[in-house]
Amino acid sequence: MRPMHTSGGSRRAARVALGALLVVVALAGCSSTKNDSAAPAAPSETTIAAGPLKILVTNDDGVGAAGIDAVVEGLRKLPDTEVTVVAPATNESGTGGKTTSGPLTVTDATTVSGYPAKAVAGYPADTIIWAIDNHGIDFTPDLVVSGINFGQNLGPTTDVSGTVGAARAAAARNIPSLASSQGLGDPPAYPTGVTAVLAWVAAHRAALSSGTIIKPVLLENLNIPTCVTGAPRATVTVPVATNDTGRDYNKVDCTSTATDPTDDIAGFSEGFITVSTLHPITTTGTTKPS
């Protein structure tokens, strides 16, 4: 793993004092209002910053999954960025915010591409507990990215997502967090998902790098469709659907001309990349033995 530096008030104050600047080419639709004009393109990598952006990456598909590998490889190519990976040792999909009682077992591991990681024998939320509460890493991340998950996390199912559970655990500790999920497909379009995540980071980097606290703490859920035909239409900011009765989570039409989606299920089904604000909650459930 890359060196782990302490990230405290002095570093954040220094950044503010030095007036850390960021120059990015943001996407017209990234984390913006509804029906923005275009799907994300890769953000510019030109930055002027007082220090590196420290990103902790986790997931619920396990440290050896293709989605986390894809996003780590994308994030680590950003300038002035340090990426640390702490992920579940095995697939823990659908475990929400569950946690493990007692000590956690953690081993050295690598992603598919060989990037150093720590593998936690536990749930996604356990990776945050080990990294932050148990001081498994010796710094406070500027951002936690959870994912990229295999399969969309929309509507009421959001609450049972381990990807979201890890992001919520980080947000509960006042760390800005992004849960990211790639729509089902064969193969899933992870490159499109990586582009969307990098665009999101670009749009928020100035605030993240300066240590600006967003109240309530920034916690968002990003879902990227895998299009059989065409490409994602745009990025829209929509609420999480509260009712999924009679709605098909897997129906995606990237050629749709529908506008103004009412929620994340509608937006995703109409071929949009959806961004939804979530609310931090206390992790629940302690069913995995230590």
Exercise for the section: Please work out which residue is modelled with the highest pLDDT, limiting yourself to segment 242-290 and to residues that are over 12 Å from N223 (Cβ atoms) and assigned to a strand (DSSP E or B). Expected result: T277
Completion exercise
Taking segment 217-241 and the residues there that are assigned to a loop (DSSP other than H, G, I, E, B) and hydroxyl-bearing (S, T, Y), the one that is farthest from A199 (Cα to Cα) would be T229
Exercise for the section: Being without any contact (Cβ under 8 Å) to a residue 60 or more places away in the chain, in a strand (DSSP E or B) and in contact with a Gly (Cβ under 8 Å, 6 or more places away or on another chain) is the filter here, so list the residues in segment 89-118 that pass it. Expected result: V106, A109
Fill in the blank from the handout: Of the residues in segment 105-131, those that are in contact with a Pro (Cβ under 9 Å, 6 or more places away or on another chain), crowded, with 19+ Cβ neighbours inside 10 Å and either small (G, A, S) or more than 17 Å from G162 (Cβ to Cβ) (or both) come to A119, G122, A131
Exercise for the section: Scan segment 166-189 for residues that are within 13 Å of the chain's Cα centre (by Cα) and closer than 14 Å to F150 by Cβ and report the count. Expected result: 4
Practice task
Exactly one condition in (1) modelled with pLDDT of 95 or more; (2) part of a helix (DSSP H, G or I) is not met by T157; state its number.
Solution key: (1)
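Yes or no, residue by residue, for (1) under 17 Å from L53 (Cα atoms); (2) of a type in the set (A, V, I, L, M, F, W, C); (3) touching a helix residue (DSSP H, G or I) at 6+ places or on another chain (Cβ under 6 Å); (4) crowded, with 24+ Cβ neighbours inside 10 Å:
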{"site": "A199", "(1), (2), (3), (4)": "yes, yes, no, yes"}
{"site": "G211", "(1), (2), (3), (4)": "yes, no, yes, no"}
{"site": "C227", "(1), (2), (3), (4)": "no, yes, no, no"}
{"site": "G230", "(1), (2), (3), (4)": "no, no, no, no"}
Handout entry: segment 82-104 - residue that is under 18 Å from G147 (Cβ atoms) and of a type in the set (S, T, Y) and, of those, surrounded by the fewest Cβ atoms within 10 Å (Cβ to Cβ)
Key = T90
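The values are calculated or read from the model by the stated rules, or taken from the named source; none is laboratory data. Computed from a prediction, not measured in an experiment: that's the story for all the values here. For neighbour counting, all protein chains shown are included, and Cβ atoms are generated from backbone atoms with ideal geometry for every residue, glycine included.
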